[in-house]
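Asks: Supplied in structure tokens, the structure appears directly below.
Read the figures in this text as sums done on the coordinates, not as results from a lab. Fair warning: this is a prediction, and the values are worked out from it, not measured in the lab. Here Cβ is always computed from backbone atoms with ideal geometry, including for glycine, and neighbour counts include all displayed protein chains.
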Amino acid sequence: MRRRDLLKSAPLIAAASSLSMPALAQAQKPLRFIPQANLTVLDPIWTTAVITYNHAYMVYDLLYGFDGAGNIRPQMAEGHEVSADQLTWTFTLRDGLKFHDGEKVLAKDCTQSLRRWGSRDSFGQVLMKYVNEIVAIDDRKFAIRLKRPCPQLLFGLGARQSFIMPERHALRPGTEQVTESIGSGPFRFLKDEWISGARAAYARFDGYVPRQEPPAHFAGGKVANFERVEWIVQPDPATAAAALQKGEVDWLEQPLIDLCPMLNKSPGCYTKVVDPGGWLMFMQLNHLNPPFDNPKVRQAILVALDQRAFIDSVVGEQDELEIVPTGLFAPTMPMSNTAGLEHFTSPRDIERAKKMIAESGYQGEPAMIMSPSDQPALATLSEVARDLFQSIGLSVDYQTMDWGSVVARRANQNPLDKGGWGAFISVMSPLTSANPGSMLILRGNGRKGWFGWPTDEKLEVMREAWFDAPTLEAQKAISEQIQLHYFETVNFLPLGRMRQPMAFRSDIQDVVSASFPVFWGMRRA
């Protein structure tokens, strides 16, 4: 649904809803949540889909947790010791940790989970180059022995989705999906109630022992105040908003931006920006297929790309929700810088871009865009991208599909005529775009990297130098160099940042600020 069409229908939204709520007593009422997409994959190591991360933070736990203030704090770990030469890190698990099947969490579960994570995650892949071995010492202790000091080790364990699974699941290669969800987090996944495309359900794990600390982002005490959480898939934003207004659901992860003013005025509703750092909206380009395999074409697009036009198409007049211009790294994180931003702040030049396309050797190959029909913001941004490409002389093949199909197809490395793809738009949390290590689209390792698969040896060298940098000042200097290098290679298109509000019923209080929706700490007043 286009934004202007939805605005016309806004007065009718309160009367339109297809969701129903069981008649339960207030004390028994579950938390009902409409996620931003359908949950199709349960394994957060196999995929980087945000919806799977939402699921994983409920079910799994981490050894450490990012607290939102730049600190990595113990979570499953009681703490750690580091040898004088910085090459041996010894970790001790908290007492009382157990999985949802009743088995104790042991050191061997952690060591194998980290190996599997390190084989797949862009940050973990680099960390594993530092590692000699990861070994269990006893049931509660394990060691990571390094080849050379690794200043970023704790960031990987606390801010990069290095979820701990039972050893038997973590033994599965990272290239193969784990189809069960047994973690040690505050909620159990009720797989028997999962109907992909319709709903998912979770029950509070009574065996979870939270840390005795206030919750802070992904750190602190993860106290589950709801016995049951239900996810309800509702791709139509008007129906979702109506369900919130009528009290049929408690929480919308991504209400349509145009509906937020109306929801704030609706009795019993409010919206809140949970992470002020802003989500990076970006278009990923496939470097294996034309025309995006041509660096001159990518550079031409950048000459005409207007970040404000992209973000305005989603937020409209709600300027407080946009962050433009934006570079690569989240503005609330230490690596944020302004190096090279004149490429976005100088006047946009369509005619120059058209000339660059004509001189690039472009042969009219289709610029194929996958546009998700069930993600209104991404669909709107895809339309703007289509218009931009056409304005500079690219032939566009615009294909509409649901987000699950985008997620499945983006893994295909074949040519377009064999099921491949050209470009798609996605979002990245402030934590994921915090630095050169965590930013998964900043890889130049070809077919071994994230979807799009650029080959950029210079970028890889600079990225590894960032991992080695011993001080914050040195890390910042390398981050600036990487951002300047980006404007030469244009491996993807940063479209701007958006502070995405969430919407709640007024009785949902104490929502924890985090880069993903977290279901602990919050309560029903």
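Asks: So what's the Cα pair-distance distribution over the chain, bin width 20 Å, in %?
Replies: Going from the shortest bin to the longest, the percentages are 22, 56, 21, 0.
Asks: Could you tell me the convex hull volume per residue, in Å³, taken over the Cα atoms of segment 232-285?
Replies: That works out to 109 Å³ per residue.
Asks: What do you get for GluC sites (Glu not before Pro) in segment 266-372 restricted to DSSP loop and a cutoff of at most 11 other Cβ within 10 Å of the site's Cβ?
Replies: Those satisfying the criteria are Glu317.
Asks: Please state the relative contact order of segment 279-498 as a whole percent: Cα pairs under 8 Å, 6+ residues apart?
Replies: Once normalised by length, the contact order is 36 percent.
Asks: Hey, can you grab everything whose amide H is under 5 Å from the amide H of Arg228? Only 5+ residues off in sequence or another chain; H modelled, so Pro and N-termini drop out.
Replies: Leu31, Arg204
Asks: Explain nothing, just the number: relative contact order of the chain, from Cα pairs under 8 Å at least 6 residues apart, as a whole percent.
Replies: About 20 percent, as a whole number.
Asks: Against the globular-protein guess of 2.2 N^0.38 Å, express the Cα radius of gyration of segment 396-441 as a ratio, rounded to two decimals.
Replies: Dividing the Cα Rg of segment 396-441 by 2.2 N^0.38 Å gives 1.40.
Asks: Could you compute Rg(Cα) / (2.2 N^0.38 Å) for segment 231-382, with N its residue count?
Replies: 1.28
Asks: Return P(r) of segment 218-317 (all Cα-Cα pairs; 10 Å bins starting at 0; whole %; ordered from short to long distances).
Replies: 11, 29, 27, 20, 12, 1
Asks: Further question: Subtract the Cα-Cα distance of Glu81 and Thr455 from 0.36 nm times their separation in residues, and report this length gain in nm to one decimal.
Replies: Length gained between Glu81 and Thr455: 130.9 nm.
Asks: What is the antiparallel percent of DSSP beta bridges lying wholly in segment 279-498, to the nearest 5?
Replies: About 65 percent, rounded to the nearest 5.
Asks: Got the relative contact order for segment 137-230 handy, in percent, Cα pairs under 8 Å and 6 or more residues apart?
Replies: Worked out over segment 137-230, it gives 17 percent.
Asks: On to the next question. So what J values fall out for segment 440-456 if you push phi through Karplus, 6.51 cos²θ - 1.76 cosθ + 1.60 with θ = phi - 60°, rounded to Hz, Gly and Pro as x?
Replies: Once θ is set to phi - 60°, the couplings for segment 440-456 become 5, 7, 9, 10, x, 9, x, 5, 8, x, 6, 3, x, 6, x, 10, 8 Hz.
Asks: How compact and how long is segment 345-487, expressed as Rg and Dmax of its alpha-carbon atoms in Å?
Replies: Rg and Dmax of segment 345-487, Cα atoms, are 17.4, 48 Å.
Asks: Same structure, new question: P(r) tail for segment 430-479, what percent of Cα pairs lie past 16 Å?
Replies: Here the tail beyond 16 Å accounts for 40 percent of pairs.
Asks: Which order do peptides 136-149, 449-462 fall in by mean Cβ count within 10 Å, highest first?
Replies: By packing density, highest mean first, the sequence is 449-462, 136-149.
Asks: Taking the Cβ of Thr88 as the center, what net charge do the other residues with Cβ under 14 Å away carry, scoring Lys and Arg +1 and Asp and Glu -1?
Replies: In short, +1.
Asks: Using every alpha carbon pair in segment 380-421, what percent of pairs falls into each 10 Å bin from 0 up to the bin containing the largest distance?
Replies: All Cα pairs considered, the percentages come to 25, 46, 29, 0.
Asks: Determine the equivalent ellipsoid of segment 64-170 by diagonalising the alpha-carbon gyration tensor, then write out the semi-axes as square roots of 5 times the eigenvalues, largest first, rounded to whole Å.
Replies: Taking √(5λ) for each Cα gyration eigenvalue gives 20, 15, 15 Å.
Asks: Taking H as built 1.01 Å from N, whose amide H comes closer than 5 Å to the amide H of Val273, not counting residues under 5 places away?
Replies: Correct list: Met502.
Asks: Taking a quarter of the surface of the Cα convex hull of segment 109-254, what do you get in nm²?
Replies: 11.4
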